[in-house]
Amino acid sequence: TQVKIDMFFGNWAGGGVSETKTDSSRFMLGQRELDVDIKPAGTGGFEIIWSTLQKRKGAAGRAVEGGWKLTTLVFMPAGEGRWRAEGGDPLQDGQFSWAVIEENALVIRTFTVTEDGSAENQMYRRTVSGDSMELFYMRTVDGELKRNAMGRLARQKK
């Protein structure tokens with residue numbers, strides 16, 4: 001049975017690891033702190049705010065923090081179990097974003113046309129089981145994998 005969007009509502013915090021492609025054959029590993037806040041918006045929609053703190057190895061193997069990256073999207077209903085983000089024209093410096101529920105996962109996909117005309121796709125799969133969330137993320141440019149990440153988050157108690 002398919003879950004409803006309110007299963008994902010709340011604040012979630014945790015960590016994960018990422019692989020970022022640095023050239024044609026190498027990937028750089030990194031650690032991330034993750035924070036996700038999902039709450040109702042409008043009639044049947046939702047707002048999602050996610051923050052990522054990237055950590056990578058610096059000189060002498062010490063971790064270097066790259067600063068928090070914050071993303072906010074508001075989704076409104078676009079059919080049963082589907083939502084579309086407000087705005088977002090990929091040809092006008094924007095991104096087209098949509099969300100679906102697949103079994104017990106909230107999947108958000110984005111499409112952007114980069115400055116050089118490349119097609120950038122991102123996919124965030126957040127799978128919920130009770131008070132636990134697993135994240136899988138993938139970013140491709142013109143079909144080539146550039147980054148993937150996996151993480152675990154826990155619902156924060158109020």
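The values are calculated or read from the model by the stated rules, or taken from the named source; none is laboratory data. Because the structure is a prediction, the values reported are computed rather than measured. All Cβ positions, glycine included, derive from the backbone under ideal geometry; neighbour counts span all protein chains shown. Remember, those area values only see protein heavy atoms, side chains included, never the ligands or the DNA or RNA. Shrake-Rupley method; radii C 1.70, N 1.55, O 1.52, S 1.80 Å.
Filter segment 21-42 down to residues that are among the basic types (Lys, Arg) and open to solvent by 70 Å² or more (accessible area, probe 1.4 Å) and give me whichever is modelled with the lowest pLDDT.
So, considering only residues that are among the basic types (Lys, Arg) and open to solvent by 70 Å² or more (accessible area, probe 1.4 Å), the one modelled with the lowest pLDDT is Arg26.
Within the group Ala149, Ala154, which residue is within 20 Å of Ile38 (Cβ to Cβ) and surrounded by 18 or more Cβ atoms within 10 Å (Cβ to Cβ)?
Numbers: Ala154 fails: surrounded by 18 or more Cβ atoms within 10 Å (Cβ to Cβ).
Result of the check over Ala149, Ala154: Ala149.
Quick check on my filter: what residues within segment 21-54 are over 24 Å from Ala99 (Cα atoms) and assigned to a strand (DSSP E or B)?
Passing the criteria: Lys21, Phe27, Met28, Leu29, Gly30, Gln31, Gln54.
Considering segment 99-126 alone, what residues qualify as being within 15 Å of Met150 (Cβ to Cβ) and open to solvent by 40 Å² or more (accessible area, probe 1.4 Å)?
Arg125
Just to be sure, is Lys55 in contact with an Asp or Glu (Cβ under 6 Å, 6 or more places away or on another chain), surrounded by 14 or more Cβ atoms within 10 Å (Cβ to Cβ) and modelled with pLDDT under 90?
Here the answer is yes, as Lys55 does meet what is asked.
Any residue in segment 69-85 that's under 9 Å from Ala99 (Cβ atoms) and open to solvent by 70 Å² or more (accessible area, probe 1.4 Å): show its pairings with residues that are assigned to a strand (DSSP E or B) and not basic (Lys, Arg) at Cβ separation under 6 Å, as long as the two are six or more apart or on different chains.
Arg82/Val100; Arg84/Trp98
Under 7 Å by Cβ, and 6 or more places apart or on different chains, what pairs join a residue from segment 117-134 that is farther than 28 Å from Gly94 by Cα with one that is in a strand (DSSP E or B) and open to solvent by less than 30 Å² (accessible area, probe 1.4 Å)?
Met133/Trp12; Met133/Arg126; Met133/Leu153
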